[in-house]
Structure formats: structure tokens, C-alpha cells
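Have a look at the structure below, then the notes.
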Amino acid sequence: MGVTAPIRLMQAFADSPFRADRPATSRLHPHAARKTFAKFVVKRDKRALEALSVHYGHAYREFTDGVYVGADFQLSQLLEQEDRDDLARTLTSLMQSSRMGGKAAERINEFRRQYQKDPSFAGKAVPQTLVDNLVRRGIKIAPCDWGYCVYSESHSACRGDAIGPNEVLRAPDVCSTCANFVVTTEHQAWWNDRVIREETFLTQRGLPEQTQILVKKRLDQSKALLAGLVSRTTGKVVSQS
């Protein structure tokens, strides 16, 4: 395949009969395919940006900060809107969650008590005016498989910066000690599985003492987070079985 083959193939695809009713295309370049793929990734799940940046050879924070997408106004708009939508979805989930754990849980509870007085909330979804207000205040919520980071640079255990959490140092062991971290029942299965893995690992014979200390510390952290998932209506700890 020569250097011009990708361009010819993309143009042939764009001019295919099944696109006869679509707008005509011209001057296609392979870089357009990268941007189109990025748009599909962002629309489906913005959390995939980290993997996408590795695939593209970018630093994650540079990608999200607009170094790469800044030249594409539409993609920049898409990322900005997705940030807002993601913030709204996460806030709604946290507002409606009956159980939360982690050091940021009390901050979320206080936040909920404050804004659930707003009749526009009505227990359904966080109003757009609230989301816009939080965006202006620089509030960031960074989701991951093991919980939510209600990000504040001054409280960041992963030593994040003004842009957001440190993607290199961010990890379950670090997050579980962070004042920005909160978990809901959505993440209970993840932490349950971690407890089972650590307990199973510790049953092995001949483990070095340092290894046992490290794994037991991780196990204690996991159990503490699970124990924090207390129902505000019943006061009972969520079952870890």
C-alpha cells in the first residue's frame, strides 16, 4: 500500500452509492479518520480518552486540555459538552444514591442537602443551571472503575494539578485514602472482588512478610470502604457477602 492509498480508499468510501443522499466530500485526509474515531469514542464513553491518548501517542492531559483537539473546533465543542453531560450524569447518580462511602461522602451529602431544596431538582436530574454553575466554579468529577473523584487539587492524594487527577499516580490504593474519593453501590462489586482476591492470595503458604503486610493493608482499605456504604435510611452496613 502506497502513501496515497489511504486517501484514495477513504474518498472511494465517501463516494460509495450508499452515501448518495449524504453531503459530498472533498479533500479527505487520514487525519480526518483519527478525529472521527475520537468523536465516536468520546460520544460512547469519555473515560476511554486515556486509552485513546495512548493509542494516538498523546499525553492524556494534553489531549483533554485541547492541545490535540484545539485545532478541531467541532471536536473541542463535543468534548466540552461531554464534560458537562458527564458532570450532570455523575451528579445525578450521586444525588440519588442511597449509600455512599469514602472520605468525600460527607461533602456529597452536604451538597445534596443544599441543592435538593431546589424545586427544579425534584429528585430526578441535576438542573442544567446547577451544572453550568459548577463548571464555572471549576468543579470536576473524574469517574473510574472503582469510584468517583470529586476533584479538588488541594485535597488530591495523587498529586494532581489544576487540570485534574494525576493519571499516572491515580490508583485504588491512592484513591481510597483521598479526601476527594467517594464510592456508591455501583462500585461495591469491584471492591468485593478485590477483597476476595486479596483474601485468597493471603492463603498461600510461604509469602514474604513484606508481601503480607502490603496485601493486608490493601485488604483493610477495601473493607473500610465497603463498611462505609451505610444506608442512611436503615443505618445498616451493606453486606460484603
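The values are calculated or read from the model by the stated rules, or taken from the named source; none is laboratory data. Given the structure is predicted, the values throughout are model-derived calculations rather than measurements. Quick reminder, even Gly has a Cβ in these numbers, built from the backbone with ideal geometry, and neighbours come from all protein chains shown.
Quick notes on this one:
- Positions within the range 85-125 being closer than 14 Å to Val150 by Cα and either β-branched (Val, Ile, Thr) or modelled with pLDDT under 70 (or both), in sequence order: Thr90, Thr92, Ile108
- Meets criteria (exposed (fewer than 14 other Cβ atoms within 10 Å of the Cβ) and either under 20 Å from the mean Cα position of the chain (by Cα) or at pLDDT below 85 (or both)) for Ala189: yes
- Applying the criterion of being surrounded by 14 or more Cβ atoms within 10 Å (Cβ to Cβ) and either among the charged types (D, E, K, R) or at pLDDT 70 or above (or both) to the residues of the range 66-84, the residue that is farthest from Cys175 (Cα to Cα) is Asp72.
- Some residue of the range 204-213 being under 24 Å from the mean Cα position of the chain (by Cα), on the phi < 0 side of the Ramachandran plot and either modelled with pLDDT of 90 or more or surrounded by 14 or more Cβ atoms within 10 Å (Cβ to Cβ) (or both): no
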